[in-house]
1. So which of 248, 178, 212, 202 is modelled with pLDDT of 95 or more, more than 27 Å from residue 110 (Cα to Cα) and β-branched (Val, Ile, Thr)?
2. If a residue has to be within 17 Å of residue 228 (Cα to Cα) and either of a type in the set (A, V, I, L, M, F, W, C) or free of Cβ contacts under 8 Å to residues at least 24 places away in the same chain (or both) to count, how many in region 152-173 make the cut?
3. Within region 63-71, does at least one residue satisfy the condition of being free of Cβ contacts under 8 Å to residues at least 60 places away in the same chain, in contact with a Leu (Cβ under 8 Å, 6 or more places away or on another chain) and not polar (S, T, N, Q)?
4. Could you count how many residues in region 222-234 are within 20 Å of residue 57 (Cα to Cα) and either without any contact (Cβ under 8 Å) to a residue 24 or more places away in the chain or among the aliphatic types (A, V, I, L, M) (or both)?
5. Among the candidates 224, 193, which residue alone is surrounded by fewer than 22 Cβ atoms within 10 Å (Cβ to Cβ), farther than 22 Å from residue 240 by Cβ and at pLDDT 95 or above?
6. Would it be correct to say that residue 251 is touching a Pro at 6+ places or on another chain (Cβ under 8 Å) and either outside any helix (DSSP H, G or I) or closer than 30 Å to residue 10 by Cα (or both)?
7. Considering only region 235-246, I want to know if a residue exists there that is out of contact with any Asp or Glu (no Cβ under 9 Å at 6 or more places or on another chain) and of a type in the set (A, V, I, L, M).
Amino acid sequence: MPPPSVLRATLEYDGGHYRGWQAQVNARTVQGELMRACREVLGTDVKINGAGRTDAGVHAFAQVASLHGASVKAAELGKVRQDLNDLLPPDINVLRLAVAPASFHARHSARERIYRYRISRRRTAFGKRFVYWVKDRLDASAMQATADLFVGRHDFGSFAENAEGHDSTLVEVAFARVETPPDAPDLIFFRIAASHFLWKMVRRLTGALLEVGRGRLDAAGVRALLESRSGKPAEWTAPPSGLFLESVAYPGDPPPPVIDPYRPGF
């Protein structure tokens, strides 16, 4: 039996039927489902940490989890991944499984997280669970000009749920982009990268950008929310259906793969 090691698992999931990532008592969560599968395949001593605590209803293209305490040989990884997927619900899928350094921790070792919010300009029968359909006409260029304000180190307390409960509401944002893919003109993406995010921060930033796109709010108003705390953004919180944890980057990782703009169904 090899000594206990750390495994790095990359997962995709449809979060619509879960109360978020974090394991909870009397609630169905993604971590809870993964934990049950891991304990059956890898033993009861396995501990699981996730890179991001996605909220209820939020999805992931590439969540990363570290599995601590498993005794697995590299040659067995393929079968272990298959066994885990056989036990997991169909809306959770382990994409990759690899042996990681002993110091690897999915949350603490992460260098950057990227989230994607998908906004639909039109009604869709197939993509409703994975977009936020906004009927109003949106000015995407005004939204992008406002998103530029988020880049850098700012106090995002106005955009956090329970800001007082965080150790700090300062976040360093690497980029914030409002994109309309050339081959998907009915979609608008808000993509944002940072070392970490506050609770409901991305959904409230999205809500503020949508108010700008509708013409109800301007860039100066958003700047004021960064300079002085307000509870107003809570009223604009976008629904979880359109939000995806797109990727998590670690030192030495290659660039993440490009995601088809229509994924999932639209």
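The values are calculated or read from the model by the stated rules, or taken from the named source; none is laboratory data. Please read these numbers as outputs of a predicted model, since none were measured by experiment. Don't worry about glycine lacking a Cβ; one is built from the backbone with ideal geometry, like all the others, and counts go over all protein chains shown.
1. Sole residue among the options that is modelled with pLDDT of 95 or more, more than 27 Å from residue 110 (Cα to Cα) and β-branched (Val, Ile, Thr): 212.
2. Residues that pass the stated criteria total 10.
3. yes
4. 1
5. 224
6. When the stated conditions are applied, residue 251 does not pass them.
7. Within region 235-246, one or more residues are out of contact with any Asp or Glu (no Cβ under 9 Å at 6 or more places or on another chain) and of a type in the set (A, V, I, L, M).
To keep it simple, each residue is scored yes or no on (1) among the basic types (Lys, Arg); (2) in contact with a Phe, Trp or Tyr (Cβ under 6 Å, 6 or more places away or on another chain); (3) not in a strand (DSSP E or B).
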{"site": "175", "(1), (2), (3)": "no, no, no"}
{"site": "188", "(1), (2), (3)": "no, no, no"}
{"site": "193", "(1), (2), (3)": "no, yes, no"}
{"site": "213", "(1), (2), (3)": "no, no, yes"}
{"site": "216", "(1), (2), (3)": "yes, no, yes"}
{"site": "234", "(1), (2), (3)": "no, no, yes"}
{"site": "238", "(1), (2), (3)": "no, yes, yes"}
